[in-house]
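Written below as structure tokens is the structure these notes are about.
The values are calculated or read from the model by the stated rules, or taken from the named source; none is laboratory data. These numbers come from a predicted model, not from an experiment. For neighbour counting, all protein chains shown are included, and Cβ atoms are generated from backbone atoms with ideal geometry for every residue, glycine included.
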């Protein structure tokens, strides 16, 4: 392993301070940052994704930010392809890839490879569409839990795309998504990984950060940003970009389904659920170095931990 080039994984739930820590690390060590965030890939989605501002990006450029329009899709397979190419290029420049973000599925896909799951079946997909229309996505999530407890547990009950895909796989193959993924052959990542996880010592303090973060997004014009996006792009609410936490609730508000007070409550609740799922993923990851994301000297702890990979 010591002959492999190094790479740093900086992971954590939303509002854990990953961006600030990554930027500080980029000032201290010869790293280049690769964003591991399924929302930051979208152009013009800035407020609701808490995208680093222009000054931050000038100080510490990030790869894989602003690479597609909100009407396009981006998958774990696309991320793995792009990240491996960037990691190769960064290493060739004599620097260390620093992969920072909170999309745990992307980290898992990069580290373990992708499973050979069955192709989509239009007939089964149509049946699932009808079931969702009749019973609702929460019902399908409950049905999934009966046959694939593991997959259902890591999916939010309103994550239509992933719930439908997991149930589709089961009905096509007779096997669960979790079982098929477990059977896959692990693809060894050709890097010496230092996995750092920023986790809260006090979950209540993380929740308080989340509340302030979402309140700030609203004050900075999340609703106006979504109006501008709707005017600029042919969007609909079922697009992957519009299912991002914050935008989904803002869409409901602009559609008159909820008021702004409800938007605040629902946005904070959805972000807390996202953080809970991210922490669940992190607990299942092997050999991680846990740092308290609430520590006053967190950037210094990250730097000290990262220096291990240079020893």
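For residue 133, are the conditions met, namely being surrounded by fewer than 16 Cβ atoms within 10 Å (Cβ to Cβ), free of Cβ contacts under 8 Å to residues at least 60 places away in the same chain and assigned by TED's automatic domain parsing to the domain that holds residue 39? First the steps, then the outcome.
Details: surrounded by fewer than 16 Cβ atoms within 10 Å (Cβ to Cβ): yes; free of Cβ contacts under 8 Å to residues at least 60 places away in the same chain: yes; assigned by TED's automatic domain parsing to the domain that holds residue 39: no.
Considered against the rule, which asks whether it is surrounded by fewer than 16 Cβ atoms within 10 Å (Cβ to Cβ), free of Cβ contacts under 8 Å to residues at least 60 places away in the same chain and assigned by TED's automatic domain parsing to the domain that holds residue 39, residue 133 comes out as no.
Taking the condition at pLDDT 95 or above, assigned by TED's automatic domain parsing to the domain that holds residue 207 and farther than 25 Å from residue 204 by Cβ, does residue 303 pass?
no
Sort through 25, 57, 10 and tell me the only one that's within 27 Å of residue 215 (Cβ to Cβ) and touching a residue at least 24 places away in the same chain (Cβ under 8 Å).
Numbers: 25 fails: within 27 Å of residue 215 (Cβ to Cβ); 57 fails: touching a residue at least 24 places away in the same chain (Cβ under 8 Å).
Going through 25, 57, 10 in turn, just one is within 27 Å of residue 215 (Cβ to Cβ) and touching a residue at least 24 places away in the same chain (Cβ under 8 Å): 10.
Just one of 263, 298 is under 29 Å from residue 2 (Cβ atoms) and either at pLDDT 95 or above or under 23 Å from the mean Cα position of the chain (by Cα) (or both); which is it?
Numbers: 263 fails: under 29 Å from residue 2 (Cβ atoms).
None of the other options fit; the residue is 298.
Sort through 132, 181, 163 and tell me the only one that's assigned to a helix (DSSP H, G or I), closer than 22 Å to residue 239 by Cβ and under 20 Å from the mean Cα position of the chain (by Cα).
The match here is 163.
Look at residue 73 and say whether it is surrounded by fewer than 17 Cβ atoms within 10 Å (Cβ to Cβ), at pLDDT below 95, assigned by TED's automatic domain parsing to the domain that holds residue 281 and part of a loop (DSSP other than H, G, I, E, B).
yes
Among the residues of region 236-258, count how many are touching a helix residue (DSSP H, G or I) at 6+ places or on another chain (Cβ under 6 Å) and farther than 23 Å from residue 211 by Cα.
1
Could you grab the pairs with beta carbons closer than 6 Å, sequence gap of 6+ or different chains, first residue in region 262-287 and without any contact (Cβ under 8 Å) to a residue 24 or more places away in the chain, second one part of a helix (DSSP H, G or I)?
Listed by first residue and then by second, the contacts come to 266/249.
On the basis of being farther than 20 Å from residue 22 by Cβ and part of a helix (DSSP H, G or I), does residue 308 make the cut? Show your work before the answer.
Details: farther than 20 Å from residue 22 by Cβ: no; part of a helix (DSSP H, G or I): yes.
When the stated conditions are applied, residue 308 does not pass them.
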